[in-house]
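*Asks:* Have a look at this one before I ask anything.
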Amino acid sequence: MASRTRRVERRQEPLSRERIVGAAVELLDSVGEGGLTFRALAERLATGPGAIYWHVANRAELLAAATEAVVAPAIALDAADSTPREAIHTLALGLFDAIDVHPWVGKQLARTSWQPPMLHVFERIGRQVQALGVPAAAQFTAASALMHYVLGVAGQNAVNVESVEPGTDRAVFLDAVATTWAGLDPEQYPFTRDVAGQLSGHDDRAEFLGGIDLILAGIAALRP
C-alpha cells in the first residue's frame with residue numbers, strides 16, 4: 001500500500017529541477033552541507049539518483065542552484081519608491097536574515113565568487129551605488145566594499161549563531177561574553193575592555209546597519 005501511495009504522489013508531483021533544488025535547500029538546512037548527497041536527496045524525493053542527474057549535472061551545480069534559490073528572493077526589491085540608502089538597507093537586511101536562517105549560504109557565496117549568486121548581489125548593490133551619484137572611477141570600489149561588508153558580517157553572524165548551544169538565551173550569553181571581555185588584561189586589551197559594556201542589549205541587525213551607514217558616509221564623500 002505504501003509503495004502504491006508513493007507512485008501516486010510521484011504522478012501528482014513530477015520530478016523537476018525546481019523541486020530538486022527545494023529539497024536540497026531543506027536538506028542543507030537540516031543536516032548541513034556534509035549531508036547533501038544525491039543518495040540522501042533521492043530518498044527525500046522518493047526517486048533514484050539517476051533521475052536527479054537528469055536535471056542537475058553534479059553536486060557543485062546543485063549547491064549553486066540551492067544558493068541562488070535562497071539569495072534571489074532575499075535581494076529582490078522594488079527600489080522605485082526608495083532612496084538608494086533605503087534600498088541598500090533593505091537588500092542588506094534581506095541577505096542578513098537569509099543567511100541567518102540558512103547559514104550554509106554564506107559559505108557558498110564566499111566559494112562562488114563572481115558566479116551568478118554573487119554577481120546578482122553585486123549588480124543590485126552596484127545599481128544603488130550608481131544612484132548615489134558616485135563617480136564612475138570609484139563605483140567598483142564602493143560596491144565591492146559594501147558587498148564584502150554585508151556578506152562578511154552576515155556570514156560571521158551565522159557562524160556565531162551556530163557556535164552557541166541551541167536554546168541558549170542570547171541576552172545571558174552576551175552578558176557572559178561582556179563579563180569575560182571586562183576581565184581581560186588591561187595592557188593587552190584596553191579597547192576591548194572599554195567596549196565590553198556595549199555588548200549588553202546588543203542588537204546585531206542595528207549594529208549591522210550602523211556599519212553600512214559608516215561605509216555610506218564614506219561613499220558620500222566621493223561625490224563631487
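Derivation of every value follows stated rules applied to the coordinates shown; laboratory data play no part. Keep in mind that this is a model prediction, so the values were computed, not measured. Reconstructed Cβ throughout: ideal geometry from the backbone, glycine too, with neighbour counts over all protein chains shown.
*Asks:* Using θ = phi - 60° and the Karplus relation 6.51 cos²θ - 1.76 cosθ + 1.60, list the HN-Hα couplings for region 24-40 in order, rounded to whole Hz, with x at every Gly or Pro.
*Replies:* 5, 4, 4, 5, 4, 5, 8, 10, x, 4, x, x, 7, 10, 5, 5, 5
*Asks:* Considering only the other residues whose Cβ falls under 9 Å of the Cβ of P103, what net charge follows from Lys and Arg at +1 and Asp and Glu at -1?
*Replies:* Summing Lys/Arg as +1 and Asp/Glu as -1 gives -2.
*Asks:* What's the longest uninterrupted piece of the chain once you rule out the chymotrypsin sites (Phe, Trp or Tyr not before Pro) that are loop residues per DSSP with at most 13 other Cβ within 10 Å?
*Replies:* 115-224
*Asks:* Right, something else. Measure nothing fancy, just the Cα-based angle from helix 204-220's long axis to the longest principal axis of the chain, in degrees from 0 to 90, nearest 10.
*Replies:* 60
*Asks:* Once the other residues with Cβ under 15 Å from the Cβ of N157 are scored (Lys, Arg +1; Asp, Glu -1), what is the net sum?
*Replies:* With Lys, Arg at +1 and Asp, Glu at -1, the neighbours total -3.
*Asks:* May I ask you to sort I20, I52 by Cβ crowding, counting other Cβ atoms within 10 Å and putting the fewest first?
*Replies:* So the residues, fewest neighbours to most, are I52, I20.
*Asks:* Starting with the fewest neighbours, write out V172, V129 ranked by other beta-carbon atoms found within 10 Å of each beta-carbon. Write out the running numbers ahead of the final one.
*Replies:* On the way: V172 9, V129 24.
Fewest-to-most ranking of V172, V129: V172, V129.
*Asks:* Please give, to one decimal in nm, the separation of the simple spin-label points placed at F173 and R44, each 7 Å out from Cα toward the Cβ.
*Replies:* That separation, rounded to one decimal, is 2.4 nm.
*Asks:* Now, a different point. Using a Gaussian network for the chain with springs between C-alpha atoms less than 10 Å apart, which of these wobbles most: V71, V134, V195?
*Replies:* Sorting by GNM fluctuation, first place goes to V195.
*Asks:* With a 10 Å Cβ neighbour count serving as the proxy for reagent exposure, in which order, fewest first, do S16, S82 appear?
*Replies:* Exposure proxy ranking, most exposed first: S16, S82.
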